[in-house]
Amino acid sequence: MVKKREIIFRGKRIDNGEWVEGFPYITHGGEHQIRYYDSESNIENCSHTVIPDTVGRFTGLTDRNGVKIFEGDIIKWKYLCNDHLVYQVVYEKGTAGFVTRRNFNNRDGIDCYSDSVFDDDGDMSEVIGNIHDNPELLEVSKND
């Protein structure tokens with residue numbers, strides 16, 4: 001049996017800064033919204049206006065704690081004895097899929113490296129934030 005893929009998005013609400021999950025929608029007035037079904041109130045088309053730059057798609061994967069991994073998330077990935085590798089989850093058009101991007105220091109300054117830690121066991125990753133709420137997590141230390 002083929003596993004059904006969950007296609008959802010999330011965005012940060014304009015009115016209170018909370019994250020909402022559902023389906024993206026652009027109103028006739030140009031507002032970006034996330035729509036969803038609210039099971040508590042049994043309202044089928046709940047929606048909230050969100051900040052357009054914060055809308056990101058669910059990768060279909062969860063981290064070792066069962067947290068959904070979205071585009072824009074920042075994950076810590078444990079590889080062998082190195083448990084401090086920090087990556088940003090991005091959609092890469094060239095591969096038509098989600099990859100992880102990591103900034104690091106080299107002799108010429110800061111460089112960027114794209115990889116797919118998703119090829120490995122998801123139990124090795126942990127969502128530690130996102131680029132909208134915690135951009136400082138991506139700062140490159142001199143020790144990297």
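The values are calculated or read from the model by the stated rules, or taken from the named source; none is laboratory data. Treat the numbers as computed from the prediction; the structure is a model and nothing was measured. As a convention, Cβ positions derive from the backbone with ideal geometry for all residues, glycine included, and neighbour counts pool all protein chains shown. These area figures cover heavy atoms from the full protein model, side chains too; ligands, DNA and RNA do not enter into them. Shrake-Rupley method; radii C 1.70, N 1.55, O 1.52, S 1.80 Å.
For the full complex of protein chains and a 1.4 angstrom probe, list Leu85, Leu61 by accessible area with the highest value first. List each step's numbers first, then the result.
Values: Leu85 20, Leu61 65 Å².
Output order, biggest surface exposure first: Leu61, Leu85.
Between Asp133 and Lys78, what is the label-point separation in nm under the 7 Å Cα-to-beta-carbon projection?
2.2 nm
Given charges of +1 on the Cβ of Lys and Arg and -1 on the Cβ of Asp and Glu, with all other atoms neutral, how large is the dipole of region 1-68 about its Cα centre, in debye to the nearest 20? Write out the running numbers ahead of the final one.
Working: 10 positive and 10 negative charges, 95 e Å.
Value, rounded to 20: 460 debye.
Calculate the FRET efficiency for Asn65 and Ile26 from the Cβ-Cβ distance with a Förster distance of 35 Å, rounded to the nearest 0.05.
Working: r = 33 Å, r/R0 = 0.94.
Given R0 = 35 Å and the Cβ-Cβ separation, E is 0.60.
Can you give me the Cα centroid spacing of region 43-73 and region 1-31 in angstrom?
6 Å
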